[in-house]
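The values are calculated or read from the model by the stated rules, or taken from the named source; none is laboratory data. Small disclaimer: the values here were computed from a predicted structure and weren't measured. Using ideal geometry, Cβ is built from the backbone for each residue, glycine included, and neighbour counts are taken over all protein chains shown. Note: areas computed on protein heavy atoms with side chains; ligands, DNA, RNA excluded. Shrake-Rupley method; radii C 1.70, N 1.55, O 1.52, S 1.80 Å.
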Amino acid sequence: MIRPLIILPDPLLRLVSKPVERVDDDLRGFADDMLETMYDAPGIGLAAIQVGEPLRMLVIDLSKEDEPNAPHVFINPEIVATGDGISVYEEGCLSIPDYYAEVERPDTVTVKYLDRDGKERVMEAEGLMATCLQHEIDHLNGVLFIDHISKLKRDMVVRKFKKLARDKAPSRMVG
Ligand code: GNR
Ligand code: NI
């Protein structure tokens, strides 16, 4: 099932998500919904809060269009180490449509997590996987990529999305 995406300035995006307590069939069904929603968007990653569930889980698929899908499900992920180098990527976010900006982050991360079978795993990531994991784990803590750019740019983006939300609101369609 494709679920509606939560968009800036929805305050849900600022919640600190809660750990998943049980990895069961319900949760696996929800992970499948998240993947379906991400593929439909399309995006390369999605955190649970982006579909309104304040749970510490995220999905990522970095496969190219001409490759088979390579879905990854990360439950209760924790960054246990980061590299000393910095990498810069032009980031976007499905919750901030059509806005892109360069973000600096550590170039490698080691992430401990549970997979969709509830098995503990460790991933050492670099490149786009490292960037995407950090972007998604930020979402679990109510942090958005615009929090890593200048306040001037961030304020401009937030103002624009507040105005878009206002203009869309049914209560304002009068007059
Ligand atoms: O689809 C997405 N692309 C992306 C590009 C660069 C860095 C991070 C991302 S994640 C984003 C999907 C999203 O909003 N995940 O939270
Ligand atoms: Ni995002």
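Using a 7 Å offset from the Cα along the Cα-to-Cβ direction at both Leu15 and Glu102, what is the distance between the two label points in nm, to one decimal?
Inter-label distance under the simple model: 3.6 nm.
Above 20 Å lies some portion of the pair distances; for the range 1-121, what is it as a whole percent of all C-alpha pairs?
Summing the P(r) of the range 1-121 above 20 Å gives 48 percent of all pairs.
What residues qualify as long-range amide H neighbours of Asp107, i.e. H under 5 Å apart, gap of 5 or more or another chain, H built at 1.01 Å from N?
Under 5 Å from the amide H of Asp107: Gly83, Gly85, Ile86, Ser87.
Output ³J(HN,Hα) for the range 79-96: one whole-Hz value per residue in order, computed from phi by the Karplus curve 6.51 cos²θ - 1.76 cosθ + 1.60 with θ = phi - 60°, and x for Gly and Pro.
7, 9, 7, 10, x, 8, x, 10, 10, 10, 10, 7, 9, x, 8, 5, 8, 9
Hey, can you find the accessible area per residue of the range 107-166 for me, probe 1.4 Å, expressed in square angstrom?
On the way: 3200 Å² over 60 residues.
Per residue, the range 107-166 has an accessible area of 53 Å².
Looking at the range 1-110, which GluC sites (Glu not before Pro) are DSSP coil and have at most 16 other C-beta atoms within 10 Å of their C-beta?
Loop-located and lightly packed - Glu21, Glu65.
On a C-alpha basis, how far is the centre of the range 128-146 from the centre of the range 8-55 in Å? Whole number, if you could?
13 Å
Using just the helices of the chain, give the 222 nm mean residue ellipticity in deg cm²/dmol: DSSP H runs with n ≥ 4 each add -39,500 (n - 2.57), and the total is spread over all residues, rounded to 500.
Helices in the chain give a 222 nm mean residue ellipticity of -9000 deg cm²/dmol.
Rounded to whole Hz and in sequence order, give me ³J(HN,Hα) for the range 36-53 from the Karplus expression 6.51 cos²θ - 1.76 cosθ + 1.60, θ = phi - 60°, writing x for Gly and Pro.
Karplus-based 3J(HN,Hα) across the range 36-53 equals 4, 5, 5, 5, 5, 4, x, x, 9, x, 7, 9, 4, 5, 6, 10, x, 10 Hz.
Count neighbours as other Cβ atoms within 10 Å of each site's Cβ, and list the trypsin sites (Lys or Arg not before Pro) in the range 15-74 that are DSSP loop with at most 10 such neighbours.
Working: sites: Arg22, Arg28, Arg56, Lys64; in loops: Arg22, Arg56, Lys64.
Those satisfying the criteria are Arg22, Lys64.
Considering only Ala125, Ala70, Ala81, give the residue with the highest GNM mean-square fluctuation for the chain, with springs between Cα atoms whenever their separation is below 10 Å.
Ala70
Residues with amide H under 5 Å of Glu91's amide H, sequence separation 5 or more or different chain, H placed in the peptide plane at 1.01 Å from N; which?
Hits under the 5 Å cutoff: Ala101, Glu102, Val103.
Which three lengths, in whole Å and largest first, does the range 53-102 cover when its Cα atoms are put on their principal axes?
Projected onto the principal axes, the Cα atoms of the range 53-102 cover 32, 26, 25 Å.
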